[in-house]
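If you scroll down you'll find the structure; I have some questions about it.
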Amino acid sequence: LEPISLLTFLTIIYQKNDQHPTTMDKLHYEGTPLSILLQRAAKLKSSETSQLRSTYDSFPPFYQNSICPRQEVEVARSLPHFEERMAAAAKMKEEGNEAFGKGCWEEALTKYEMASAVFRYLRNGNPEWRTQGIRDNDIDQILDRGQTPIQSRNVTAFLRICHTNMALALYKLGDYRQAIRACDCAIELFSNGEEEDDGRNGGGENENDSGGKDSESGSDGRSKAYWIRAEARLAPKSCGAVEEEMALSDLEARRMNPRSKAIRNKLTNLK
């Protein structure tokens, strides 16, 4: 069948119906209600769209959200000097820490996402993407590492903090799957970035500060990411032997114990 516009399609349906009903449930085309046809068309369109954005759909939500940043983030990205961009991002992170300290997990998560998105984000090259949809071919992955090795190290350390903080906020919200993915991102930054930070990370930040604490070293920052991931694996009621084994591997990877007594006891029984 040749493609036709929705208006043409509706015209054909009205012409085939002797009466002029006012609801879609009463409209039929060759015996099939219009509402059913539209549902089928929507599913087909969704399937076609998903094939064009499979890479984008594979990203965690906190990375997907960076494609449509808030004005505050856009302004920070546009600042000409690295120190200005870092200061703006650090302010967002500190606002996240304040929200976290008040138990406002969603607000904290938003601020951590915003801080991260100053330096690491998705950019859509199609100016009409809001009406035409998101397509992988239009998307660029941007990572602003600054212009010097020290600036690059600062960005890597800052992103580790943001992702670890995101993970803890997501854990508090009960979104354990995304908490694990945020930990994955933080641990990947340790694996692919500069090895243990030497204290010269972004704007005087220390390597990990989940929940507003700025006192842990780079090594402790990595350990905290493993710890949160282990706790997130064990938290769901559906947790089974596979999750327990993976959590145990996380903890043993950094030779540490979970802070939760219940989980510590649970893991002790696994060994």
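The values are calculated or read from the model by the stated rules, or taken from the named source; none is laboratory data. Remember, predicted model here, so these are calculated numbers, not experimental data. Counting neighbours? That spans all protein chains shown, and the Cβs are built from the backbone with ideal geometry, glycine included. For accessibility, only protein heavy atoms count, side chains too; no ligands or nucleic acids. Shrake-Rupley method; radii C 1.70, N 1.55, O 1.52, S 1.80 Å.
Does PHE62 satisfy being at pLDDT below 95 and within 27 Å of PRO149 (Cα to Cα)?
Here the answer is yes, as PHE62 does meet what is asked.
From the set of residues in segment 190-203 that are open to solvent by less than 20 Å² (accessible area, probe 1.4 Å) and assigned to a helix (DSSP H, G or I), which is modelled with the highest pLDDT?
My answer is PHE190.
Could you list, in sequence order, the residues of segment 118-134 that are free of Cβ contacts under 8 Å to residues at least 12 places away in the same chain and of a type outside the set (Val, Ile, Thr)?
PRO127, GLU128, TRP129, ARG130, GLN132
Does any residue of segment 112-121 turn out to be open to solvent by less than 30 Å² (accessible area, probe 1.4 Å), in a helix (DSSP H, G or I) and over 22 Å from CYS68 (Cβ atoms)?
no
With open to solvent by less than 20 Å² (accessible area, probe 1.4 Å) and farther than 18 Å from PRO60 by Cβ as the only criterion, which of THR156, THR148 stands out?
Of the residues listed, the single one that is open to solvent by less than 20 Å² (accessible area, probe 1.4 Å) and farther than 18 Å from PRO60 by Cβ is THR156.
Residue by residue through segment 160-179, note down the ones that are in a helix (DSSP H, G or I) and surrounded by fewer than 24 Cβ atoms within 10 Å (Cβ to Cβ).
The answer is TYR171, LYS172, TYR176, ARG177, GLN178.
Taking the criterion of being open to solvent by less than 30 Å² (accessible area, probe 1.4 Å), at pLDDT below 95 and more than 28 Å from ALA87 (Cβ to Cβ), would at least one residue in segment 123-132 satisfy it?
yes
Where residues in segment 204-226 are part of a helix (DSSP H, G or I), modelled with pLDDT under 75 and out of contact with any Ser or Thr (no Cβ under 9 Å at 6 or more places or on another chain), which of them is surrounded by the fewest Cβ atoms within 10 Å (Cβ to Cβ)?
Only one residue fits best here, namely GLY204.
A further question follows. Tell me which residues, restricted to segment 99-115, are in contact with a helix residue (DSSP H, G or I) (Cβ under 7 Å, 6 or more places away or on another chain) and of a type in the set (Asp, Glu).
From segment 99-115, those in contact with a helix residue (DSSP H, G or I) (Cβ under 7 Å, 6 or more places away or on another chain) are 99-101, 105, 107-109, 111-115; that's our starting set.
Listed by number, the residues that qualify are GLU107, GLU113.
For segment 250-260, state whether one or more residues are at pLDDT 80 or above, open to solvent by less than 20 Å² (accessible area, probe 1.4 Å) and at negative phi.
yes
Looking only at residues that are small (Gly, Ala, Ser) and in a helix (DSSP H, G or I) in segment 89-111, which one is nearest to GLN178 (Cα to Cα)?
The extreme case among them is ALA108.
State the number of residues belonging to segment 118-160 that are of a type in the set (S, T, N, Q) and within 30 Å of ARG229 (Cβ to Cβ).
5
Please identify the pairs in which a residue from segment 87-104 that is open to solvent by 30 Å² or more (accessible area, probe 1.4 Å) has its Cβ atom under 8 Å from the Cβ atom of a residue that is modelled with pLDDT under 95, counting only partners at least 6 apart or on another chain.
Filtered contacts from segment 87-104: ALA87/GLY203; GLU98/GLY212; GLY101/GLY211; GLY101/GLY212.
If you scan segment 135-185, which residues turn out to be among the basic types (Lys, Arg) and free of Cβ contacts under 8 Å to residues at least 60 places away in the same chain?
Going through segment 135-185, the residues among the basic types (Lys, Arg) turn out to be 135, 145, 153, 160, 172, 177, 181.
Listed by number, the residues that qualify are ARG145, ARG153, ARG177.
Moving to a separate point now. Of all residues being open to solvent by 60 Å² or more (accessible area, probe 1.4 Å) and in a helix (DSSP H, G or I) in segment 65-86, which is modelled with the lowest pLDDT? Just the residue, please. Give the steps one after another, and end with the answer.
Filtering segment 65-86 for residues open to solvent by 60 Å² or more (accessible area, probe 1.4 Å) gives 65, 68, 70-72, 74-75, 78, 80-81, 83-84.
Subset that is in a helix (DSSP H, G or I): 65, 71-72, 74-75, 78, 83-84.
Details: ASN65: 93, GLN71: 96, GLU72: 96, GLU74: 96, VAL75: 97, SER78: 97, GLU83: 97, GLU84: 98.
Here the answer is ASN65.
Just to be sure I understand, how many residues within segment 69-117 are of a type in the set (Phe, Trp, Tyr) and under 21 Å from ARG145 (Cβ atoms)?
Filtering segment 69-117 for residues of a type in the set (Phe, Trp, Tyr) gives 82, 100, 105, 112.
Cutting the leftovers down to under 21 Å from ARG145 (Cβ atoms) gives us 82, 112.
Adding up the residues that qualify gives 2.
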